[in-house]
Amino acid sequence: MPVETIIGGWVATGLTLFIFSFLYKDNPLFKLAENLYVGVSVGYTIIKTYDTVIKQLIWRPIVENGEWSLLIPVAIGALMLTRYVPKAAWISRYAFAFIVGVGSGLAIPRTISSFILKQIEDTVRPLMTLVPGEGVTFTWSLLNPASSLNIIIILVGVSSVLFYFFFSVEHTGPGKVVARTGILFLMIAFGAAFGYTVMARMSLLIGRLTDLIEFSDPSYGRPSLWLLGLTILTLVVMARRSSNKQPKEEE
Amino acid sequence: MTFAERMLKIDRRIIFLVIGVCTLLPLLYPVGLPIKISPEVRGVYDHIESLPEGSVFLLSLDFDPASKPELHPQSISLLRHAFRKNLRVIAMTLWVSGTGMADQIITQVAREMGKESGKDYVFLGWSPGGTVVIINMGQDLYGAFPADYNGKSTKGLPVLHGIANLRDVNYAVSLGAGRPGVEEWYVFGKDKYKFELGGGCTGVMAPGLYPLLRSGQINGLIGGLRGAAEYETLMDQKGRAIAGMDAQSATHLAIIVLVIMCNLFYFSSRNTPRQQGHSGA
C-alpha cells in the first residue's frame, strides 16, 4: 500500500475521532480538528478558485488567445475590490447593480416558470382520465403518483395549508376545520422532513464508522485502535486535571 | 424522583453510546436485510438502461466531502452503469470544494471499467458562477469549459464530438447536496434547454425534491444512502451503501424505541403530580 494512503488513513482516523470526542465534552482535540477543517477547506477553495478563475479563465485566454473582451467582466469584478477603500467604495455599487440586475433577470422568470406555474399545473390535474378503449377512469391506487385519489389528497392539502396561512379571516366554524386540516398536512410534511434528516445524519455516522472499521486493518497499521486509545487517554487526563483544579479553586 | 423523571434526565452521552453501538454492530456483523426498489430510483436506472450506446450522459457531482457517505456511493453506481452501457460521460461539478473528490471518483471508476479520458469520458472540473455555468453550458459548452480538469482543450476531444451545448445531452443527472444542485439544473438547464433530467440528493433534501418528481420535472430521484443502496441492488453490485443499510435500519429502530420510551416517560411523569394531588385532596 502506498505511504500516502497510509498517512491519509491515519489523518482521517485521527480527525474523525477528535471530532467525535465532542460528544463527550468540548476539548482541545475537537478544537484542533475543527480549526483544521475550516482552514483546509478555505485554503483549498482559495487555491482552486485562483487556479481556475485567474489562471485558466482570465490569464490564459487573454495572453495566449488574445481574447481582450474578457477585460470587461474583469473590470466589473475588480470594481468590487473598491469596497476595501472607503473613499472609493461607492464605485463597487456599479458592480453590484450589474450582478443584481443580471441575476434577477435570469432567476425571476425561470423560477416563476419552474416552481409556481409547473407546480400549479401539477396540482390542478383532472380527476378523470380518458383512456382510449376504456373510457373515463378514476384510479384509486395510492402507490401510483398520478392516481385520482392522490390528486384529491394533494388538492385538499394545498388548499387547507394555504387557508391556514390566510389570516384575514378568523379561523372559526368551518374555517377552523379547514385550518386544522392544514396543520395536519403541515405536521405530516415536517415529520417526513425530520425522518429524512435523521436518516441523513445517521448515514454520515455510518460513513465515518465504515472508514474507522476500514482503517482498523493491519495494512494501515491499525490507526483506529491506536488513535482511539490516544483520544480516550487524553480525555481521561483532561478530566483528572479539571477535577484537580476544582478543589484548589475551592480552597 | 420517580423512575420516569430519572430516565428523562438521563445523561445524553448514554444515548450517543446506544446509537453508536446500534450503528457499529450491524456494520461489523451484517444481517443482509432485503432492499425494496422504489419507483423514483428505478426511474433513473430505467432511463439510463434505455439509452443507446454512445448517448451523451452528463453527471454533475454537486457535493463536497461533507456529503460523501450519501452521494459517493450514488456517483460510483451511476458511473459504473453509464460506462457499462458505453455512454459518453461528461462529468463536472458546481461545487469548488468537491472538485478533487469528483476527479478521484471518476478516475477510479473509469480505471476500473477500462475507460479512457478524452475518448470515453471527460471531467470538466469546476467553473465559477453556479447557475450561470448551467446557462453558459446551454449556450456554448466550450465557452463554459474551454479546458478540462487536466488543462486539455475541450475543443476536439473525441468524447465531445457533435456536442455544442446542453441541447445535445441525452440525459443529465445532478447529485446535489444543496445549492447549486438538482433544482438549479432543472430551472436553468432542463426547463430552458429541454434535456431529460434525473436527480440524486442527500436525505435532508429529498422531501423538498419530491414535488419536482411528481410533476415530471425530474424523471427519477435517488435519495440519500437508501437510494444509493437501491441503485447498487439494481446494478447487482454490493457497495458501501448496501453495507450500511443494516446499520441504518438498526439505528432507525433504536431511535423509534427511544422516541416511544421518552413519550411514555414524559406522560407518566406528567400524570404523577396529578395523582399525588388527587390522593392529597
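Just so you know, all these numbers are worked out from the coordinates, no wet-lab data involved. Nothing here was measured: the structure is a model prediction, and the numbers come from that model. Cβ: placed from backbone, ideal geometry, glycine included. Neighbour counts: every protein chain shown.
What to note about this one:
- Cα Rg, Dmax, chain A, angstrom units: 29.8, 93
- A simple count of charges around B:Ala177, restricted to other residues whose Cβ falls under 15 Å of its Cβ and scoring Lys, Arg +1 and Asp, Glu -1, yields -2.
- The Cα trace of the range A:111-230 gives Rg and Dmax of 24.5, 74 Å, the first to one decimal, the second as a whole number.
- Peptide-level mean, for B:199-212, of C-beta atoms on other protein chains within 10 Å: 5
- Ordering B:Ala247, B:Ile106, B:Phe267 by Cα displacement along the dipole of chain B toward the positive end leaves B:Phe267 in first place; charges were set at the Cβ atoms of Lys, Arg (+1) and Asp, Glu (-1).
- ³J(HN,Hα) computed for each position of the range B:83-88 - Karplus, 6.51 cos²θ - 1.76 cosθ + 1.60, integer Hz, glycine/proline x: 5, 5, 8, 6, 8, 8
- For the protein assembly as shown, the Kirkwood estimate of the hydrodynamic radius, built from every pair of different alpha carbons, is 26.9 Å.
- About the Cα centre, charge dipole magnitude for the protein assembly as shown (Lys/Arg +1, Asp/Glu -1 at Cβ), debye: 1040
- Residue of A:Val40, A:Val131, A:Val102 that the Gaussian network model of chain A assigns the largest fluctuation, springs spanning Cα pairs under 10 Å: A:Val131
- Share, in percent, of DSSP beta bridges within the protein assembly as shown that are antiparallel, nearest 5: 15
- Split chain B at each of the GluC sites (Glu not before Pro) in a DSSP loop with at most 13 other beta carbon atoms within 10 Å, and the longest piece is B:117-281.
- Among beta bridges identified by DSSP and lying wholly in the range B:112-241, the antiparallel ones come to about 10 percent.
- Using alpha-carbon coordinates, inclination of helix B:39-50 to the longest axis of chain B, degrees: 20
- Share antiparallel - DSSP beta bridges, chain B, percent rounded to 5: 5
- Among the trypsin sites (Lys or Arg not before Pro) within the range B:118-193, those in coil by DSSP and having at most 15 neighbouring Cβ atoms inside 10 Å are B:Lys119, B:Lys152, B:Lys155.
- Within a Gaussian network of chain B (alpha carbon springs, distance under 10 Å), most fluctuating of B:Phe16, B:Phe145, B:Phe123: B:Phe16
- Taken along its three principal axes, the alpha carbon spread of the range B:39-237 comes to 40, 34, 32 Å, from the longest extent down to the shortest.
- Among the listed pairs A:Lys55/B:Lys119; A:Lys25/B:Lys36; A:Lys48/B:Lys194; B:Lys155/B:Lys192; B:Lys68/B:Lys155, a Cα-Cα separation exceeding 29 Å is found for A:Lys25/B:Lys36; A:Lys48/B:Lys194; B:Lys68/B:Lys155.
- Compared with the dominant Cα axis of chain B, that is its longest principal axis, helix B:224-235 is turned about 60°.
- Peptide B:25-31, shielding by other chains (average Cβ, 10 Å cutoff): 1
- Overall, chain A carries a charge dipole of about 580 debye about its Cα centre when +1 sits on the Cβ of Lys and Arg and -1 on the Cβ of Asp and Glu, all other atoms neutral.
- Amide H to amide H, with H built 1.01 Å from N, B:Ala147 comes under 5 Å of B:Thr154, counting only residues 5 or more places away or on other chains.
- Neighbour cut-off at most 15 other Cβ (10 Å), DSSP loop, GluC sites (Glu not before Pro), the range A:79-178: A:Glu134, A:Glu170
- Couplings 3J(HN,Hα) for the range A:177-194, derived from phi with the Karplus relation 6.51 cos²θ - 1.76 cosθ + 1.60 (θ = phi - 60°), are 4, 5, 4, 5, 4, x, 4, 4, 5, 4, 4, 4, 5, 5, x, 5, 5, 5 Hz, where x marks Gly and Pro.
- Mean ellipticity per residue at 222 nm, deg cm²/dmol - from DSSP H runs of n ≥ 4 across chain A, formula -39500 (n - 2.57): -22500 deg cm²/dmol
- Amide H contacts of B:Asn165 (H built 1.01 Å from N, in plane; Pro and chain starts excluded): B:Leu141 sit under 5 Å, all sequence-distant by 5 or more or on other chains.
- Placing unit charges on the Cβ atoms only, positive for Lys and Arg and negative for Asp and Glu, gives the range B:39-237 a dipole magnitude near 260 debye about its Cα centre.
- On Cα atoms only, tilt of B:99-113 relative to the major axis of chain B in degrees: 70
- Percentage relative contact order, chain B, counting C-alpha pairs under 8 Å, at least six apart: 26
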